[in-house]
Amino acid sequence: MSANSFYKTLAEESLICGRCGSCRSECPTFREIGWESATPRGKISQAREIFARQQRDKISPEFAKRITQCTMCGACTKNCAARIDLQTFWQELRGKLVEQGVAPQAYTAIVSNLKDKKNITNFANVTRLDWAEDMDEVPENLDQEPGAEVAYFVGCVSSFFPRAAQIPVAVVQLLQKAEVNFTTMGGEEWCCGFPLLAAGAAGEIEEFVRHNVETIQKMGIKTLVTSCSSCYHTWSHVYPKIMGKELGFRVAHVTEYLAELLQAGRLVPNELEETVTYHDPCDLGRNSGVFEPPRQIIRSIPGITFVEMPTHGMDSTCCGGGGNLQGADSKLADAIAGKRIAEAAETKANILVSACQQCEQMLEKAARKEKIPLQVMDVTELLWMAVED
Amino acid sequence: MVRIGDWDFPEDLLYDRHNQWIANLDNKIRFGLTPYGLAITGDVLYLALPEAGAVVEKGSGCGSLEAGKWVGRIYAPVSGRIVQVNDEVVKQPGSIGKSPYSNWFAEIEPSESLDMTELMTINQLSDWLTEELKQDA
């Protein structure tokens, strides 16, 4: 829920919509599908019929499909002339899918994994630091080191998906280089809970929130840093609401923290002759307001030519990777990514960076599929390339 | 070839319960993903395999494959030493989708105590997979 939200119930919120259609203009799903039923306006209309006007009882199979065909990118929320809290609306609508037993199998599977393993895979949570085996030397302070001031919250994807493991390796090396007193939660790190919200299981998130916050508080951490944009958004916007109070420690995205280290001269990048463009992840940029720190990092590297994509910042176009869409409709997710990678290619950059492992996975796959010669990496990997000896 | 469900399986291969096929070549075992394994995984985006020379234990994880929001383990079908990794499939994991039987993962030189008793013949696979498909239906 946004800070200025007046959201009460799904039914009441659905009555606010004036059918202006502003939400359609930047909806990545509507751009691919083209039908009104796939627009935010169309989905609100159907929700109004069922939940506000009781003209129907059940969510139809087609409406159920449309509800899942959404990356929760927030473009509609940004454009809504009536300031409807659409992010909360979509989450609650997905909850209705679950209530009526029409949620897709992908949602059921992810919720089941989360309840059982406390992460989005079916691997044991104690293996959360296995990615560190890629390092030449595993730092001694990595696993719940007492006295650390900074905790690096790695996130499920970077912890368990080998392709994304390069990100925590880069982050840890950068923190070591800057002599930061840091650690991780190790096997006590549970999923941030965002996939539960996107899968219509918002009621299950409180256990995850309390566990994560209480663990960090017990560790005496002053700053929690995360490299996942969705984890960052969930920690900074959802966690305080569920806890009912401020967390008592700072939550920063790794780009914010690294930008500060660069500013303080604790990291000094060497020259890199590359042309780089940057994809704003929806959960970091539009949904959390963090635009400048990743750009500060890129611009701090001598020799880099930085080129913006036509849609960037608040107007950035989604990569297709969010909102559990990959599980629910992978073809649609890929089509959305295809449009975004084409936009990146137009910049003539040779490197596309982002600040979210999910965006990078989507865009790397799209670049490969479209045979676009664009190297995709995380901004932390780019910075490490510039900083390492 | 034997048809089980929607997929074809060569009769002269062995199979395990991790949806992998195993070829018993002279002095080495070659293995990869079955078309059924590919169907339930989805488009393979990333493959992590052990390096040549690594010692693996039968049934334990020796690599991983990623497909979108899913990640799974690759399991050593026999104990032994990895003698060759298919670098082409590591570079282009999507190629598994075109031909799962040609795009193998790795070759293992089995240890002296080669134990293939838990691997399934085509008939055993047929019984097992038919049951799996019924449960998933």
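Worth pointing out:
- For residues of A:159-166, the mean tally of beta carbons on other chains within 10 Å: 4
- A Cβ-based charge dipole, computed about the Cα centre of the stretch A:29-93 with Lys and Arg at +1 and Asp and Glu at -1, lands at about 100 debye.
- Relative to one another, the C-alpha centroids of the stretch A:359-385 and the stretch A:297-322 are positioned 12 Å apart.
- In the stretch B:2-95, the alpha-carbon atoms span a convex hull of 97 Å³ per residue.
- Cβ-based net charge around B:T121, under 11 Å, with every Lys or Arg adding one and every Asp or Glu removing one: -3
- Along its principal axes, the protein assembly as shown has C-alpha extents of 71, 62, 48 angstrom, given from the largest down.
- Under Karplus coefficients 6.51, -1.76 and 1.60, residue-wise ³J(HN,Hα) of the stretch A:300-308 in Hz, glycine/proline x: 6, 8, x, x, 7, 9, 9, 10, 7
- Electrostatic bookkeeping for A:S229 treats Lys and Arg as +1 and Asp and Glu as -1; over the other residues with beta carbon under 10 Å from its beta carbon, the sum is -2.
- Take the Cα of A:K78, step 7 Å toward its Cβ, do the same at B:Q135, and the gap between the two points is 4.6 nm.
- Dipole magnitude for the stretch A:172-248: about 220 debye, using +1 per Lys or Arg Cβ and -1 per Asp or Glu Cβ, origin at the Cα centre.
- Under 11 Å, Cβ to Cβ, from B:K58 - net charge with Lys/Arg +1 and Asp/Glu -1: -4
- Only helices enter the 222 nm calculation for chain A: every DSSP H run of n ≥ 4 contributes -39,500 (n - 2.57), and dividing by all residues gives -12500 deg cm²/dmol, rounded to 500.
- Around the amide H of B:V83, modelled in the peptide plane, lie the amide H atoms of B:G53, B:E107, B:I108, B:E109, all under 5 Å away and 5 or more residues distant in sequence or on another chain.
- Spatial separation of Cα centroids for the stretch B:1-72 and the stretch A:227-242, in angstrom: 38 Å
- Selection from A:I351, A:A386, A:I297 lying farthest towards where the dipole of the stretch A:288-389 points positive, charges on Cβ: A:I351
- Only Cα pairs under 8 Å and 6+ residues apart enter the sum, and on that basis the relative contact order of the stretch A:331-389 stands at 38 percent.
- Cα-centre dipole for the protein assembly as shown with unit charges at Cβ (Lys and Arg positive, Asp and Glu negative), debye to 20: 2440 debye
- Selection of GluC sites (Glu not before Pro), the stretch B:1-100, meeting DSSP coil and at most 13 other Cβ within 10 Å: B:E11, B:E51, B:E57
- Mean separation of Cα contacts under 8 Å (6+ apart) over length of chain A, as relative contact order %: 17 percent
- Averaged over the residues of peptide A:317-328, the number of Cβ atoms from other protein chains lying within 10 Å of each residue's Cβ is 1.
- Percent RCO, i.e. relative contact order, over the stretch A:175-236, from Cα pairs under 8 Å lying at least 6 residues apart: 36 percent
- Since only B:G94, B:P110, B:W70 are under comparison, the one whose Cα sits farthest along the positive direction of the charge dipole of the stretch B:27-137, derived from C-beta charges on Lys, Arg, Asp and Glu, is B:G94.
We did not get these values from a lab; they are worked out from the coordinates using the rules stated. Source: prediction; values computed, not measured. Because the Cβ atoms are built from the backbone with ideal geometry, glycine has one as well, and the counts that use them run over all protein chains shown.
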